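The values are calculated or read from the model by the stated rules, or taken from the named source; none is laboratory data. Note that this is a predicted model, so its numbers are computed, not measured. Positions of Cβ are generated from backbone atoms using ideal geometry, with glycine treated the same way; all protein chains shown enter the neighbour counts. With ligands, DNA and RNA removed, areas are computed over all heavy atoms of the protein, side chains included. Shrake-Rupley method; radii C 1.70, N 1.55, O 1.52, S 1.80 Å.
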Amino acid sequence: MEEQQNPLTYEIIKAAVAGEKWATEKVIAHYDSYIEELATVKERQPDGSVRTYVDEDMKQSIILNLLEKIPDFPLEEAERIEEGETDEGI
């Protein structure tokens, strides 16, 4: 739901690639529910029941990996796509 309310715009991505803290925070917030889904663990208990929880260490590891990859985002390709979309509207 939050992804739809706070979409990642080209400007936010560009700022995140440039290292702007506010933009990287928006990227992380945008993907938070997906990251939590990836970090969710199901653990069988001794009584046979299954305990489901978010592994916070795994979540932090995923976030760190995302932060490491943001500077590698192919901005040139995104710029071509952005320009192509605006040219079509003219």
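Here the dipole of the chain is about 500 debye; that uses its Cα centre as origin and unit charges on the Cβ of Lys and Arg (positive) and Asp and Glu (negative).
Per-residue 3J(HN,Hα) values for segment 61-75, derived from phi via the Karplus relation 6.51 cos²θ - 1.76 cosθ + 1.60 with θ = phi - 60°, read 5, 5, 4, 4, 5, 4, 4, 5, 8, 4, x, 8, 4, x, 5 Hz in sequence order (x marks Gly and Pro).
For residue 42, the accessible surface of its heavy atoms amounts to roughly 150 Å² (probe 1.4 Å, protein chains only, rounded to the nearest 10). Candidate values [x] 24, 12, 10; [y] 28, 27, 9; [z] 35, 15, 10 were compared with semi-axes √(5λ) of the Cα gyration tensor in Å computed on the shown model; the agreeing label is [z].
Residue by residue, segment 34-40 carries 3J(HN,Hα) couplings of 5, 4, 4, 4, 5, 8, 7 Hz when phi is fed to the Karplus relation 6.51 cos²θ - 1.76 cosθ + 1.60 (θ = phi - 60°); x denotes Gly or Pro.
Once the Cα-Cα distance is subtracted from the 0.36 nm per residue extended length, the residue 9 to residue 59 segment shows a gain of 15.6 nm. The alpha-carbon of residue 42 sits under 29 angstrom from the alpha-carbons of these lysines, leaving out residues fewer than 8 places away in its chain: 26, 59, 69.
Per residue of the chain, the DSSP helices (runs of n ≥ 4 H) give a summed -39500 (n - 2.57) that works out to -20000 deg cm²/dmol at 222 nm. Projecting the Cα positions of 45, 17, 7 onto the charge dipole of the chain (unit charges on Cβ atoms of Lys, Arg, Asp and Glu, taken about the Cα centre) puts 45 furthest along the positive direction.
As a length-normalised measure over Cα pairs under 8 Å and 6 or more apart, the relative contact order of the chain settles at 26 percent.
Each residue of segment 47-59 was assigned a 3J(HN,Hα) from its phi angle through the Karplus curve 6.51 cos²θ - 1.76 cosθ + 1.60 (θ = phi - 60°); the sequence is 7, x, 6, 10, 9, 10, 8, 8, 6, 5, 5, 5, 4 Hz, with glycine and proline shown as x.
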